[in-house]
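Visitor: Here's a structure for you.
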Amino acid sequence: NKLKVVIAGSGEMGQSLVPIFSRAGCNVTCLYHKTKPKSLYSINNVTIDKLSHLDSFVYDADIFISSLSVKEPYFKEEDFSIFKHCKIIFDVGIPRNISCELEKKLTNQHYIHFSSLKNQSKGKSVERNELICEAHKLIDNFHERYNEISKSYKSWHQKK
């Protein structure tokens with residue numbers, strides 16, 4: 001079976017993730033809040049729908065990515081039942097899209113957010129050469145995806 005990926009948010013981050021997962025053979029659903037992302041219609045294996053229909057898509061998703069531009073967490077503790085079957089939940093929203101109360105309930109899922117990644121690296125003394133070697137390994141192993149993300153970031157950065 002193909003992995004099912006649901007991305008909440010159709011801004012720069014959400015739209016840049018859709019083609020990457022599609023090319024990897026995943027079934028991707030992009031949920032928009034206000035503006036329908038017309039540029040995604042030509043991509044294979046992609047469904048575009050409203051964020052208000054989240055329940056219809058997340059119940060059997062393997063991966064859920066939240067990239068909403070909101071001032072406070074959009075997903076709260078009472079939304080737990082929606083995410084029960086997701087294997088990976090990744091919150092790339094800044095500020096976070098998933099409340100701390102909901103995070104505490106996500107014990108059967110692999111939950112990641114930018115703050116946790118930052119905290120994991122704190123306190124670890126890493127040699128500069130070791131870091132450069134690891135970066136080279138990652139780039140060698142994921143060169144194509146790295147280039148896609150890099151190009152996407154550059155085009156997004158240039159628009160601002």
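Visitor: For segment 6-16, which positions are closer than 13 Å to Gly93 by Cβ and assigned to a strand (DSSP E or B)?
Guide: Ile7, Ala8
Visitor: So for segment 66-73 (the condition being without any contact (Cβ under 8 Å) to a residue 24 or more places away in the chain and β-branched (Val, Ile, Thr)), does at least one residue qualify? Talk me through it step by step, then tell me what you get.
Guide: Narrowing segment 66-73 to residues without any contact (Cβ under 8 Å) to a residue 24 or more places away in the chain: 72.
Applying the additional criterion that residues be β-branched (Val, Ile, Thr) yields none.
No, that holds for no residue.
Visitor: Applying the selection to segment 21-34, what residues are modelled with pLDDT of 90 or more and either more than 16 Å from Ile63 (Cα to Cα) or under 13 Å from the mean Cα position of the chain (by Cα) (or both)?
Guide: Phe21, Val28, Thr29, Cys30, Leu31, Tyr32 - these are the residues of segment 21-34 that are modelled with pLDDT of 90 or more and either more than 16 Å from Ile63 (Cα to Cα) or under 13 Å from the mean Cα position of the chain (by Cα) (or both).
Visitor: Quick one: Leu51 ticks every box in (1) over 22 Å from Asn97 (Cα atoms); (2) touching a His at 6+ places or on another chain (Cβ under 7 Å) bar one, so which box is it?
Guide: (1) is the only condition that Leu51 fails.
Visitor: List the residue pairs whose Cβ atoms are under 8 Å apart, where the first residue sits in segment 27-38 and is under 12 Å from Phe64 (Cα atoms), the second is open to solvent by 90 Å² or more (accessible area, probe 1.4 Å) and part of a strand (DSSP E or B), and the two are 6 or more positions apart or on different chains.
Guide: As it stands, the answer is Leu31/Lys50, since those pairs meet every condition given.
The values are calculated or read from the model by the stated rules, or taken from the named source; none is laboratory data. What you see is a predicted model, and the numbers here were worked out from it, not measured in a lab. Cβ atoms come from the backbone with ideal geometry, glycine included; neighbour counts cover every protein chain shown. Ligands, DNA and RNA are stripped out before the accessible areas are found, and what is left, the full protein with its side chains, is counted by its heavy atoms. Shrake-Rupley method; radii C 1.70, N 1.55, O 1.52, S 1.80 Å.
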